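The values are calculated or read from the model by the stated rules, or taken from the named source; none is laboratory data. Please read all numbers here as calculations on a predicted model, not as lab measurements. Ideal geometry is used to build each Cβ from the backbone, glycine not excepted, and the neighbour counts take in all protein chains shown.
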Amino acid sequence: MLVLPLAAPGLAPAASAQTGRFDPVLVGREGWLFANWESLRPGILPAVRRVSALLAEGFGLIARAGIQVSVALVPTRARIYPEFLPAGTTISPDAEARYGVARDAFRAAGAIVPDMAEHFLRIKHGAQEPVFFLADTHWRPWSAYLAAEEHARAIGPALPASARPGTRLGAWGNLTFREHILANLLPPAQRAAYPPERFRVRALPPAQGGLLDGDTAEEVMVLGDSFALPNFGFTPMLSMALNRPVGLFHRTGNHGHWKRLTDYLEGELFRTRRPRAIIILILEGNLEHMPDQAAYFGPNAMPPAQFISRIRGALA
């Protein structure tokens, strides 16, 4: 039985100007729901530039320490499926530019950033199923596999051969996803309109060396939230495509990419085995929130200068 985690990555308590309260879900067309914390409004680009520059500074420090940084920049569902947004809802020019601003800043700092937004837009019409679950925030396993393969092609040539093999995924099968983060945030009377979704997934073989269910130190590390967990497919497919074990350091919810990265670099996994490459999952919808925003990150917030100083200290 496949159990998928139900932790919303980065729910911001912003209030609606019309109602005075935060409506977390936009009810779209043809069964689609959208996370309202993934802002589509104008005026966000200055914040996106500040966030991207600070992350890029951190990535540059890691790259100069001899560790390859690759960023799995996951696009918003509104970017990939704007045709299903609620009637009258538009994506502002600032929100449209957000992904490219971050991608270019990270690349300029020496990080590898496969353009998953471009890739998903290119393949979505011929796909057997959508990139994302309709009523949940997460990507479906088949699209996570494609993202992993893109990263493996990008970082694989620079890695030496591994003495240990990677995960071997099994045959394709169909499963049913019965619970959804976004649908569960709707009023109870509306939830019945969002039935369980069928999806395709490859079998995860048990007790195989390359399949890492928990935090483990390896030469290639994935740092991420629930998008990176093995059941969604990104981590085991990366291991299979690279033909080597892949380690995982994950923290979900409002932990945030800032604290996730610094906690890993300061932690036992990094001290146990300094990696050759790290792949950092970042959700596009979180790109306007600096690390000191306590309203977004809660007790995991930190001053921007502390983010950089913690990276410097961990790499020293």
Worksheet item: What are the residues in region 290-311 that are buried (at least 21 other Cβ atoms within 10 Å of the Cβ) and farther than 14 Å from Leu61 by Cβ, if any?
Response: Pro291, Tyr296, Phe297
Item to complete: Would you mind finding the one in Ala147, Ala158, Ala171 that is closer than 22 Å to Glu284 by Cα and not polar (S, T, N, Q)?
Response: Ala147
Fill in: Residue that is farthest from the chain's Cα centre (by Cα) [pool: residues in region 115-135 that are part of a loop (DSSP other than H, G, I, E, B), free of Cβ contacts under 8 Å to residues at least 60 places away in the same chain and crowded, with 16+ Cβ neighbours inside 10 Å]
Pro130
Worksheet entry | Number of positions in region 250-289 that are touching a helix residue (DSSP H, G or I) at 6+ places or on another chain (Cβ under 6 Å), charged (D, E, K, R) and closer than 17 Å to Ala63 by Cα | 1
Discussion item. Return the residues of region 20-66 that are in contact with a His (Cβ under 9 Å, 6 or more places away or on another chain) and either free of Cβ contacts under 8 Å to residues at least 24 places away in the same chain or more than 16 Å from His257 (Cβ to Cβ) (or both); say none if nothing qualifies.
Written reply: Leu33
Worksheet entry | The listed residue being under 26 Å from Ala305 (Cβ atoms), among the acidic types (Asp, Glu), surrounded by 14 or more Cβ atoms within 10 Å (Cβ to Cβ) and modelled with pLDDT of 95 or more, out of Glu96, Glu57 | Glu57
Discussion item. Regarding region 160-176, can at least one residue be identified that is within 23 Å of the chain's Cα centre (by Cα) and part of a strand (DSSP E or B)?
Written reply: yes
